[in-house]
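The values are calculated or read from the model by the stated rules, or taken from the named source; none is laboratory data. Note that the coordinates shown come from a computational prediction; the quantities given were computed from them, not determined experimentally. Because the Cβ atoms are built from the backbone with ideal geometry, glycine has one as well, and the counts that use them run over all protein chains shown.
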Amino acid sequence: MKNSIIFLFLIALLALLPACQSAPASGGKISFMVFGEPAELAAYQRLVDTFQQEHPEIQVEVIQVPGQSDYRKRMAADIAAGSPADVVLVNYRRQAAFASAGALTPLDDYLAKSTTLKEADFYPQSFAAFKWDGKQVCIPQNISSLVIYYNKALFDQAGVAYPAPGWTWADFLSAAQALTKDLNGDGTNEQFGAGIDPELIRIAPFVWQAGSDLVDDDANPTTLMLDTSEALDAGKFFMELQTAHHVVPNAEQEAAEASESRFLNGRTAMYFNSRRVVPTIREAAKFDWDVAALPQEKTAATILHADGYCLPSASKNKDAAWVFIEFANSAEGQTILAQTGRTVPSLISIAESPVFLDPSNKPAHSQVFLDVIPTMRVLPLHPAWADIEDTATQEITRGFYGETDPYDAMLRAVQRTRDYFTGK
Amino acid sequence: MISARRAQIFALLAPYLMGAFLLVALPAGISLYVSFTRYDGVSTPVWVGLQNFQLLRIEPLFWVALINSLIYISQAVLLRTLAALGLALLYNQPRRATGLYRAIAYLPTVIPDTAYALVWLWILNPLYGPLNLALRAFNLPAPAWLTDTRWAIPAIVLMSLFQVGEGLVILLAGLRHIPRDLKDSARVDGANALQTFSAITLPLLSPWLILLTVRDVVLSFQNTFTPAYIMTRGGPYYATYFAPLLIYETAFDRLRFGQGAAIMLIVFAVTIFLVLALYFFFESWGFDDD
Amino acid sequence: MIERTRRIIAAIPALLTRHLLPLLLTTLFLLPLYWMLISSLRMPGQPPAIALEWFPAAPTLSNYTRIFQILPLWHYTLNSIIVSITGVTLTLLTASWAGFGMSLLGKRARLRLLLLSAGLQMIPVTALWLTRFLLLAKIGISNSHLALIAPALMGSSPLFILLFYWTFRRTNPAIFESAELDGAHLFRIWWSIALPMARPALMAVGMLAFMFYWNDFINPLLYLRSQTLYTLPVGLLHLQEMDKTNWPLLMAASVVMTIPPVLVFSALQRTLLWWELE
C-alpha cells in the first residue's frame, strides 16, 4: 500500500519534470486571438486567467473580435503584416486557406513531444478536420454541431410536443407551423416557429439528410452537388420554410430583429445554431429551453462545427504559444471551457463527463451533441472554401427570401462556385 | 543667403513632400508592381504579367462592383451637387437666422461615418424604421430599402444627401466671390431671377462647381466602404457591392493581394477618366456665355 | 384692400424661401440626430414600436451604462481622443508649414506644387490602402496609433495645405519680406507672424482634421490588432457584430461617438460658416 503511494508520487514527479524543465525556456508575452460574443469571451477569459495562475512566466493578451468574418480578415491582415497573434482560434472551414499559404506552423513535432496531448484522446472527426497536407496544423477545442435550441415555454403554450429523437422533416414543419403566431393581431407574424440563417453550412445537413452528398469528392472536391434530385428536394424544403410556409422571418423581419435576438427575446420557438451560443442563451434567456437533434429525412445527419488553436508561422514566441495551446486542450483547460457552456469538448473523457453532461446546467440534454456524432458529416477542406461558401450562400439567400425559385438558386450555387474549386 | 532661404523653404515643405512620397507615390508604385504578381501576403510575390487583369475581365463580381460604384457615383454626385447648390443659394442671403440654418445643415456631416451608417440602418429599417413608419402614416409606399435589391443603392444615395455640409461651404465661398453689382446691373437690364442665375451666377460659380464635383467623385468612390461594410456587407445579392469592398475582400478574405492591387489601379484609372470628363464638360459649358 | 392682398400674394415666395423652406430643411437635417437620440432611450428587448413615436414610452438611460459594461468603451474613447489630438496637432503643423512654404516659392515652383496637391487630391484612398498597409507593416508600425496618424505627415489632406496656402497668399507679402530682411528665420516668421494671421484657417483645418481622425474607420479596421489600441469606430463595429438588431444599444453608442465632434463643431463652426454674416 505504502509502496504504491510512493510509486504514484514518483510517477507524478516524473510527469512534472519536463514541465519544470521547459518552463524557463518559454516565458514572455503571447497574444491570443478569439472571436465571439461577450458571454463567449468571458469563457476564454476564464481559461486565460487560470492559465496565468499556473504559468505566471507567460503573459497572455486576449484579442477579441466579435464577428467571424471580421475575424478572418483581421487574421489575414495580421499575417500579411507579419505580426499575427501567437495563438489564433480558427474554424476548420478556414484553416486550409491559411495552411496552404504556409501561414500556420505544423504541430506534429510539438504533439509528439507532448506529455499531455495525445491524439487518441480526442474525437477523430474533429482532429482530422485540422490536418492539411498530412500535417496537423491546429488542435481542435471542440466537436460541436448544428442543433436546434427550443423555447420550452412556447411549446407548452401552443400545446406542441417537444422535438423527439428521430423526428422527421414533416414533424418539424408541423411543429414550426403551430408555433408561428401573429401576437398583436396586425396581420403579420411576430413569433416564428423557427430561425435559421440561409447559408450553405445550414442547408448542408438537409442535403445530406435527403441522401445527397454536398461535394463530389470529399478528399478532392471539384464541384458542389446541390444539383442532384435529392439535394434539390432538400433546397426546396429548406427555402419553402420561408417562401411557402412563412415559419421563419422574411428578409424585412430578419433585418428588423435578427433570429438570435428574437429567440433570446422569446419570440422564436426553434433556433438553429451550434454549441457556441450556449453562454449567450444562458445569460440572456428568461425562459426554459433545451436542445434537440435536427429532424431527419432519408437518413440522419448533422454538420461538424469545430475551432482549433493554431500557431501562426510568424509567431515570435512559439514555445510559449504551444504551452498555452497545450494547456487549453488539456483536461483542465477543456473542463474550464466546457463549464462555461461554450464548447462540446473534443477530449472524449471530458465530453462524456458530468462537466459537460450535468443536466442541472442548461441545456439539460447536452447528450444530444454526443448522440449525433456518429451521423456527423464534415465539410471538405479547400483553400478557397470561404469563397465557395460565400458565393453559394448568396444564391441560397436569394432562394430563401423568394427572389428566385429554389431549384434555380441551387443550380446557380453549383455553377457559380465551380471556378473556385478548380482555382482558376 | 539665397540658398539658405531655399533650404528653409524646403524644410517647411519637407514633411509634406516626404509624406506625399511615402504615403502616396511609393504605395502607388508598389501597387503597380504587386498588380502584376500573385501575392498571398505570406509567400514572396510571383510575377504573373497581365494575368490579374485578364482574370478580372471574366470575374463577374468585379463588373458588378465597378458598375455599382459608377451607378452610385453618378446618382450621388449629381444629387449632392444640386442639393449643395440649392442650400447655398437659399442660405446665401445675410439674415439673422442664416448662420444657424447653415450650422444645422452642416450638422449631419459632422456625425462620424460609423455612427451615421448605424443610424441610417435604423432609419431605413423596413418594418420598424422611422422613415417607413412615417411613409406608412401618410399612406405612401414604403420600400424595403436595404433589403430590396432595387432600393439599396437609392437608400445609400438618400443618406448621402444629408451630408452635403462641405459642398455647402465651398459653394457659399464661391457665391461670395460674385460681385453684387454684376447681379444688380443685370436686374436693372430687366433680367428676372432665373435669367440672372443662369447668365451670371452659374457661369461665375462654375470653377467652384468643378472643384466640388471632382472632389465628390473621388470621395464617393471611397465613401461607399463604410455604409457597405456596416449596413449591408454588399447585399442584398451584391446590390451594394462596391469597388472598395471588393478590394478589401479580395485582399483580406481571399488573400489575393495582386488582384486587389489590380482592382485599385483600375479604380484609379476610372477616377481619372471621370475627373477629366467632368472637367471638359464644365469647361465647354462654363465658357458658353462668354 | 386689393393693394394689400396683392402685396401679401407678392410676399408669398419670399416668405417661402426666407422662412418656411429653411425651417422645413432645418427639421429635416435634425431628424437623423433626433432619431438617434430617442432610439437610444428605448428599453431593449421590447418588440419595436409599430407606429411612429416621437418619444419612447418608458425612456431609460440604462443602454448607456450597458455599452460601457460589454465593451471597454472608455478605453476606446481615450484612444480616439489621443489619436485625434495628436493627428490634429501634427496636421496643423505640417499643413501650415507646407502652405507657408508654398506661398514663399517662385511662380514656377508654386504652380508645380499646386498641381501636385490638386493631383494628390484626385487619388482615392481606396486606390492606395492595400499597399500603404503592406508598406507601413514592413516599416513596423502596423498595430500602433502611428499607423493611424501617418497621414498627418502630409498634412492629412492636400485640401488643408491649400487652405493655408490661400490664406498666406492673400496677406501682404511685404510683411513677411520685411521680417526676412531683419534676418528672422522662416520658421520664426511662420510662428510669430504667419500663424497668428491664419486663425480662421487654423480653426477650419483643426475642425476638419479632428473629424478626419475621429471618424476614421478604415485605418483602425485595417491596422489595429490589439484591443488596447482600438478606437471608437471599431468599438461600434464590434457592438454591432455582437447583436446587430439591438437598436437601443447601437444608438446609445452612436450618440456617445457623435457628441465630441458635435461639440467641436459647435465651438468652431462660426469661422467656417458665418464669415460674411458678421
Filtering the stretch A:406-424 for residues that are touching a residue at least 40 places away in the same chain (Cβ under 8 Å) and under 19 Å from A:Ala234 (Cβ atoms) leaves a count of 8
In the stretch B:218-241, which residue that is at the interface with chain C (Cβ under 9 Å from one of its Cβ atoms) and among the hydrophobic types (A, V, I, L, M, F, W, C) is farthest from B:Leu172 (Cα to Cα)? B:Ile230
What tally of residues in the stretch C:35-62 results from selecting those that are of a type outside the set (Asp, Glu) and within 11 Å of another protein chain (Cβ to nearest Cβ)? 17
C:Leu159 vs. criteria farther than 28 Å from B:Thr250 by Cβ, more than 7 Å from chain B (Cβ to nearest Cβ) and surrounded by fewer than 24 Cβ atoms within 10 Å (Cβ to Cβ): yes
Counted residues in the stretch A:158-190 being within 17 Å of A:Gln242 (Cβ to Cβ), touching a Phe, Trp or Tyr at 6+ places or on another chain (Cβ under 9 Å) and in a loop (DSSP other than H, G, I, E, B) come to 1
Filter the stretch A:205-243 for residues that are in a loop (DSSP other than H, G, I, E, B) and among the small types (Gly, Ala, Ser); the one that is surrounded by the fewest Cβ atoms within 10 Å (Cβ to Cβ) is A:Ala219
Positions within the stretch C:206-227 being of a type in the set (S, T, N, Q) and either more than 8 Å from every other protein chain (Cβ to nearest Cβ) or assigned to a helix (DSSP H, G or I) (or both), in sequence order: C:Asn215, C:Asn219, C:Gln227
Mind counting the residues in the stretch B:160-194 that are part of a loop (DSSP other than H, G, I, E, B) and loosely packed, with under 13 Cβ neighbours inside 10 Å? 5
Which of the residues that make up the stretch A:340-394 are within 30 Å of B:Glu59 (Cβ to Cβ) and in contact with a His (Cβ under 8 Å, 6 or more places away or on another chain)? A:Ile388
Only one of these conditions is not met by A:Val88: (1) modelled with pLDDT under 80; (2) outside any helix (DSSP H, G or I). Which number is it? (1)
Can you tell me which of C:Met203, C:Met197, C:Met122 is within 10 Å of chain B (Cβ to nearest Cβ) and either in contact with a Gly (Cβ under 6 Å, 6 or more places away or on another chain) or surrounded by 14 or more Cβ atoms within 10 Å (Cβ to Cβ) (or both)? C:Met122
Give the number of residues within the stretch C:228-278 that are free of Cβ contacts under 8 Å to residues at least 24 places away in the same chain, more than 7 Å from every other protein chain (Cβ to nearest Cβ) and touching a helix residue (DSSP H, G or I) at 6+ places or on another chain (Cβ under 6 Å). 0
Would you confirm, using the coordinates I've provided, whether A:Asp319 is surrounded by fewer than 22 Cβ atoms within 10 Å (Cβ to Cβ) and at pLDDT 95 or above? no
Within the stretch C:63-95, which residues are polar (S, T, N, Q) and either more than 27 Å from C:Phe217 (Cβ to Cβ) or exposed (fewer than 15 other Cβ atoms within 10 Å of the Cβ) (or both)? C:Thr65, C:Gln69, C:Thr89
Of all residues in the stretch C:106-119, which are of a type in the set (A, V, I, L, M, F, W, C) and farther than 20 Å from B:Ile73 by Cβ? C:Ala109, C:Leu111, C:Leu113, C:Leu114, C:Leu115, C:Leu116
Quick check on my filter: what residues within the stretch C:149-175 are of a type in the set (A, V, I, L, M), within 24 Å of B:Val217 (Cα to Cα) and touching a residue at least 60 places away in the same chain (Cβ under 8 Å)? C:Ala152, C:Met154, C:Ile161, C:Leu162, C:Leu163
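Table: residues versus (1) part of a helix (DSSP H, G or I); (2) of a type in the set (Gly, Ala, Ser); (3) touching a residue at least 24 places away in the same chain (Cβ under 8 Å).
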| site | (1), (2), (3) |
| --- | --- |
| B:Leu205 | yes, no, yes |
| B:Val214 | yes, no, yes |
| B:Thr226 | yes, no, yes |
| B:Ile230 | yes, no, yes |
| B:Tyr248 | yes, no, no |
| B:Ser284 | yes, yes, no |
Listing of helices (runs of 4 or more DSSP H) fully contained in the stretch B:46-158 that carry 1 or more residues being away from every other protein chain (no Cβ under 11 Å), more than 30 Å from B:Ile30 (Cα to Cα) and in contact (Cβ under 8 Å) with a residue 60 or more places away in the chain: B:60-90
One residue is enough: does the stretch C:11-34 have a residue meeting the conditions in a helix (DSSP H, G or I), under 30 Å from A:Ala42 (Cβ atoms), within 12 Å of another protein chain (Cβ to nearest Cβ) and among the hydrophobic types (A, V, I, L, M, F, W, C)? no
Inspect all residues belonging to the stretch C:129-148 and state whether any of them is closer than 30 Å to B:Ala4 by Cα, of a type outside the set (D, E, K, R) and crowded, with 24+ Cβ neighbours inside 10 Å. no
